[in-house]
């Protein structure tokens, strides 16, 4: 046993392992009984060796060194673009922001052009292309907003707001589950 394994673990060390167990519970990797059993063992651990060798995290993905991991965890923020990089910026934020900004537009334009095409096909003649009045003005407004947003750094602010909302939702769910566990009810 190396020297570090014999050193006493701090409350923050036990809390970090407990947080990983809670994440596994929230992901459905542990049931409530197994979570509670492992959590008791975490808080009973005295040394780093107790935390590392007791099999608390061995069978959970994302809790082993990245070089040995069998799966790649998606991180706390969830989707790519919602997890800040080392420089504090959100990689992929621009792509995700553009997709969210334009997806509704492309969906609606596809529907109205399909309706126009079907009615033209049924009537056996090429009808007036009225979808231009749906897609044209809306597309122009979106284009101006997109250019302005890209110039002012809106994708990074958008990603930060989304990550904060997601984190607040996770914390609220965790508080609720903890309350349920304290009351003895299954979550």
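Values as computed for the structure displayed
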item	result
Qualifying position, being modelled with pLDDT of 80 or more, under 20 Å from the mean Cα position of the chain (by Cα) and outside any helix (DSSP H, G or I), among 25, 30	30
From 121, 126, 98, 143, residue being modelled with pLDDT of 90 or more, surrounded by fewer than 11 Cβ atoms within 10 Å (Cβ to Cβ), over 22 Å from residue 170 (Cβ atoms) and not assigned by TED's automatic domain parsing to the domain that holds residue 60	126
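The values are calculated or read from the model by the stated rules, or taken from the named source; none is laboratory data. Bear in mind that the values here come from a model prediction, so they are computed numbers and not experimental data. Please note: Cβ atoms are built from the backbone with ideal geometry, for glycine as well, and neighbour counts cover all protein chains shown.
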